[in-house]
Amino acid sequence: MMATSILIVDDFPEIRLILRDILTSEGYTVVAEAANGAEAVELYLKHRPDITITDINMPVKDGIEATGEILALDVSARIIFISSGQEYAELLAIARKAGAREAIPKPFTVDQVLEAVRRAVTE
């Protein structure tokens, strides 16, 4: 099985670091990290990751706007939203409406991250 490549998008470096540690420890390859939605679109085009995990609320361009742009460029993009302030069901509804496949509520557990990635990969 080929390693799954992942782009991490969050304006907090600490969150990106935690996600990278969780994902790489499970054998996933983090190909790039972005601090906002504008960087996310640019890095998506450059790396074409299997999965993009993006925060919703970020400076410059938010995750919903970035998701729309990425999906306009690549309809098969697999995107997972990560955000605080919502329960899982509410966040998943926001994610699906925007075209994302899965959602991870903050604060998150290792299992929540890995389960969301597994679901997005197999969908």
Give segment 5-35 a look and list any residue that's polar (S, T, N, Q) and either buried (at least 20 other Cβ atoms within 10 Å of the Cβ) or closer than 21 Å to Pro107 by Cβ (or both), or say none. Thr24, Ser25
Every listed condition ((1) free of Cβ contacts under 8 Å to residues at least 60 places away in the same chain; (2) buried (at least 19 other Cβ atoms within 10 Å of the Cβ)) holds for Ile82 save (1)
Which listed residue is under 12 Å from the mean Cα position of the chain (by Cα), closer than 18 Å to Ile6 by Cα and assigned to a loop (DSSP other than H, G, I, E, B), from Ala77, Ala40, Ala95: Ala77
Single residue of Glu42, Glu14, Glu65, Glu26 found to be of a type in the set (Asp, Glu) and closer than 19 Å to Ala120 by Cβ: Glu26
Checking Glu65 against (1) over 18 Å from Ile8 (Cβ atoms); (2) surrounded by 17 or more Cβ atoms within 10 Å (Cβ to Cβ); (3) of a type in the set (Asp, Glu), which test does it fail? (1)
I'm told Pro59 meets every condition in (1) more than 14 Å from the chain's Cα centre (by Cα); (2) free of Cβ contacts under 8 Å to residues at least 24 places away in the same chain except one. Can you identify the failing condition by its number? (2)
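Each value in this text was obtained by applying a stated rule to the coordinates, not by laboratory testing. Everything quoted here is computed from the prediction, not taken from an experiment. For neighbour counting, all protein chains shown are included, and Cβ atoms are generated from backbone atoms with ideal geometry for every residue, glycine included.
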